[in-house]
Structure formats: C-alpha cells, structure tokens
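**Q** Below: one structure in structure tokens.
The values are calculated or read from the model by the stated rules, or taken from the named source; none is laboratory data. All values derive from a computational prediction rather than experimental measurement. Counting neighbours? That spans all protein chains shown, and the Cβs are built from the backbone with ideal geometry, glycine included.
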Amino acid sequence: MSYYVGIDLHSDNNFVGIIDKKDCRILSKKLPNDLDMVLNTLKPFKRKIKGVVIESTYNWYWLVDGLMDKKYKVHLANPSQMQQYSGMKYTDDKWDSFWLAHMLRLGILPEGYIYPKDIRPIRDLLRKRMMLVQHRTAYILSLQSMVNRSTGRKLKSRETKKLGKGELGMIFSDKHLVMSAQSNCNVMAFLDGQISAIEKAVIKEVKLRYPFEKLLTVPGIGEILGITIMLESGDMNRFQAVSNYSSYCRCVSSQKVSNGKKKGENNKKNGNKYLAWAYVEAANFMRRYCPQARSWHQRKVSKTNQIVATKALSNKIARACYFIVKDQTVFDSGMLFS
C-alpha cells in the first residue's frame, strides 16, 4: 500500500492529511509548527509514503528541510497554478491537505522549485541588501523633495548623497529643516555602511560560476547584480523557453485583453520580485553606459512613459541573459537593439 501526504502549512500550525492509492483517507491531524511532532506523526507510515506535498508559503524552509533531512521525498506546491475546487461550497484546512495529496497521487501537482539549502542563506542576505537599497533610495528621494520644496532646486542623486552639514545649513534657513535633512543624511550613511558590509561578505563567499560568468559582458550588470541574478534564477534549465523565464522575472504584462479592450488582470505578482528588481536595476545602468540602449529607451519613452520604457528594457535584458547563460555567448548590443 502506498501513501500520499499533504500538509497545509500556516504561520503557527499545520494540518496533515494522508491518503492511500485508492484515495481513502488514512489520517487527518492538526499539529503545531513543531518538526518533531510532524515527524512522529508520519513515522508509522514512512516506509510506504511516496511523497509529501507542502504548499509554498512564506515559512516553508524549516518543514521542507527537516523532512528532506529525514529522507522524505518532498514536493513544494505552487499555489498560483493549483486548480481550484469545483462544485464545493465549503473548504477548510482538512480539505486543503487532502487536496494536495490527491493532486500528487494523480500526478497533476504544479510544483515549485526547492532552492538548495546550502546557498539559500547567501541568497536571502542579498535580498536583505535589496531591501536596504530601496530604503536608501526612499531617503534620497525624501531629501531631494525637501530641497525642491524649500528652494526650487532639483538635485541629482549623486549630489544629494554628498550633502554635508555645512551644505545643509546653506540650503535651509530654518534649524528644524536642517535637523530633518541631517537625519536623512545620517540614515543614508548608515545604510551605505550596511550595504557595503553585505556586499563584501557575499563576494567573499560566492563568485559568479559557470554558466553565469558571461553575465558580466552585459553593460549594467556588475558582480553583485550578476550574483543576485545567478542565485535568484537557480538552475536555468528548469525554464523550458525564454518566455517562461521572462514571465518568472515579472517582465511581461498580466493584462486580460478582449477585442482590443482591457478586461482585467491576471496574477501580476506571480514570479520572482527580486529578479524583477534586479533587471530594472540593470536597465537603469545599461541606458547610462550603452549608447544603443539609451537611444532605444528614449524612443520608447517618446511613445509611452519612463516607467513603461524602463520595464520594457528590463524585459529585453532578461531575455538576452537567458540566451547568454544557456548558449554561453557574450552580450551583443547590435543583436539586441537591431
């Protein structure tokens, strides 16, 4: 007899459902989020368990890693692709757990990618860096807005980062504005230090490896951005086509269009938000250092707007990076912007 396990995971508890190959329910039990209790619950069935399904929630690391360490075959369910129940009025955690096991038994479970445990902490550290960079940008924009409101001047980001206490005293006449601006500068300096420390730690631990080394030939992608793309993409062979990778990077539109009219949106959050950010960053750098990219971006801006044009450029870069990694070629701006 073969058994299939579905675990509906929540923030502080989980519901375990076990079925056999005839879809008969063997066990249903609500447990606290304690690995030992989950393992003890599954232990009597371990030899006959064909697979354990866990829904991809924000807190799956501990459970997936713990089960895999005990040699269970674990499947990570992709909730955005799972078919909804048909004809049911009421569902709960018990039904969800059995539904996960049922899809595994039928071989129709949409699976997510289980990222290797050993490299995951470095990837998460780079995600922390991204968050700090976004916070720093928010403080830069806040300081630029203060200067613009008070003086009518529009400072560039590079000028804003270099402002000191003396320059702030010359820009603002009121001591409270100076204090507010100085607090922005202090936080920006602190964030700069944290970002720099993370970058040094990451570069010390991880280097761009085959086949992602060719990413450095792309204008706008440096070592840190290249490592971010490498760690977030994982095994590039898991993407069957460039369109799958582009969609995973959130570089494609999620609109529903019928007869030329917008009828709604699909799940625009489906994909990797960190890759989406990385390729937008690459687009912003590329249009500075690549004349062909800058010209293409300017033409796009004239037809749409700055945000859409930058996102479109990030899509082109993501597609180019897919082929650069898969085919081991160097970046060719003439081919990309022909």
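**Q** Within the range 132-183, which residues are part of a loop (DSSP other than H, G, I, E, B) and among the charged types (D, E, K, R)? Before you say what the answer is, go through the steps one by one.
**A** Of the range 132-183, the ones part of a loop (DSSP other than H, G, I, E, B) are 152-156, 162-164, 172-174.
Those that are part of a loop (DSSP other than H, G, I, E, B) and among the charged types (D, E, K, R): ARG153, LYS154, LYS156, LYS162, ASP174.
**Q** When you scan the range 164-173, do you find a residue that is farther than 30 Å from LEU231 by Cα, polar (S, T, N, Q) and surrounded by fewer than 17 Cβ atoms within 10 Å (Cβ to Cβ), even just one? Outline the logic, then answer.
**A** Within the range 164-173, the subset farther than 30 Å from LEU231 by Cα is 164-173.
Subsequent filtering for residues that are polar (S, T, N, Q) retains 173.
Filter once more, keeping what is surrounded by fewer than 17 Cβ atoms within 10 Å (Cβ to Cβ): 173.
Yes; the residues of the range 164-173 include at least one that is farther than 30 Å from LEU231 by Cα, polar (S, T, N, Q) and surrounded by fewer than 17 Cβ atoms within 10 Å (Cβ to Cβ).
**Q** Which condition does MET82 not pass, out of (1) closer than 27 Å to SER254 by Cα; (2) touching a Gly at 6+ places or on another chain (Cβ under 6 Å), if it passes all the others?
**A** That leaves (2) as the condition not met.
**Q** Right, something else. Could you check how many residues of the range 174-215 are closer than 30 Å to MET236 by Cβ and loosely packed, with under 11 Cβ neighbours inside 10 Å? Break it down into steps so the answer makes sense when it comes.
**A** Keep residues of the range 174-215 that are closer than 30 Å to MET236 by Cβ, which gives 195-215.
Going one step further and asking which of them are loosely packed, with under 11 Cβ neighbours inside 10 Å, we end up with 200, 204, 209-210.
Total satisfying the criteria: 4.
**Q** Any residue at all in the range 74-93 that is under 30 Å from ASP20 (Cβ atoms), in contact (Cβ under 8 Å) with a residue 60 or more places away in the chain and surrounded by 15 or more Cβ atoms within 10 Å (Cβ to Cβ)?
**A** Checking the range 74-93: at least one residue is under 30 Å from ASP20 (Cβ atoms), in contact (Cβ under 8 Å) with a residue 60 or more places away in the chain and surrounded by 15 or more Cβ atoms within 10 Å (Cβ to Cβ).
**Q** If I filter the range 278-307 down to residues being more than 20 Å from the chain's Cα centre (by Cα) and among the β-branched types (Val, Ile, Thr), which single residue comes out as modelled with the lowest pLDDT?
**A** Per the criteria, the residue is THR304.
**Q** Taking the range 13-25, which residues are closer than 18 Å to LEU39 by Cβ and without any contact (Cβ under 8 Å) to a residue 60 or more places away in the chain? Give the derivation first.
**A** Initially, the range 13-25 is screened for residues closer than 18 Å to LEU39 by Cβ, giving 13-18.
Answer for the range 13-25, where residues must be closer than 18 Å to LEU39 by Cβ and without any contact (Cβ under 8 Å) to a residue 60 or more places away in the chain: ASN13, ASN14.
**Q** Sticking with this one: Given the criteria surrounded by fewer than 16 Cβ atoms within 10 Å (Cβ to Cβ) and either within 33 Å of the chain's Cα centre (by Cα) or polar (S, T, N, Q) (or both), does ASP23 qualify? Break it down stepwise before answering.
**A** Values: surrounded by fewer than 16 Cβ atoms within 10 Å (Cβ to Cβ): yes; either within 33 Å of the chain's Cα centre (by Cα) or polar (S, T, N, Q) (or both): no.
The answer is no for ASP23.
**Q** Follow-up. Would you mention how many residues in the range 102-131 are over 22 Å from the mean Cα position of the chain (by Cα) and part of a helix (DSSP H, G or I)?
**A** Result for the range 102-131: 5.
**Q** Let me ask something else. Tally time: how many residues in the range 64-95 are in a helix (DSSP H, G or I) and at pLDDT 90 or above? Even if it seems obvious, please write down each step before you answer.
**A** Taking the range 64-95 and keeping what is in a helix (DSSP H, G or I), we get 64-69, 79-81, 93-95.
Narrowing further to those that are at pLDDT 90 or above: 64-69.
Adding up the residues that qualify gives 6.
**Q** Hey, could you check the range 273-324 for residues that are within 17 Å of SER233 (Cβ to Cβ) and β-branched (Val, Ile, Thr) and say which is surrounded by the most Cβ atoms within 10 Å (Cβ to Cβ)?
**A** ILE317
**Q** For the subset of the range 1-20 comprising residues that are surrounded by fewer than 13 Cβ atoms within 10 Å (Cβ to Cβ) and within 34 Å of the chain's Cα centre (by Cα), which member is farthest from ALA77 (Cα to Cα)?
**A** Ranking the candidates gives ASP12 first.
**Q** Does the range 241-259 contain at least one residue that is modelled with pLDDT of 90 or more and exposed (fewer than 12 other Cβ atoms within 10 Å of the Cβ)?
**A** Taking every residue of the range 241-259 in turn, at least one turns out to be modelled with pLDDT of 90 or more and exposed (fewer than 12 other Cβ atoms within 10 Å of the Cβ).
**Q** Which is surrounded by 12 or more Cβ atoms within 10 Å (Cβ to Cβ), of a type outside the set (A, V, I, L, M) and under 18 Å from TRP277 (Cα atoms), of ARG105, ARG129?
**A** Step by step, each of ARG105, ARG129 is checked, and only ARG129 is surrounded by 12 or more Cβ atoms within 10 Å (Cβ to Cβ), of a type outside the set (A, V, I, L, M) and under 18 Å from TRP277 (Cα atoms).
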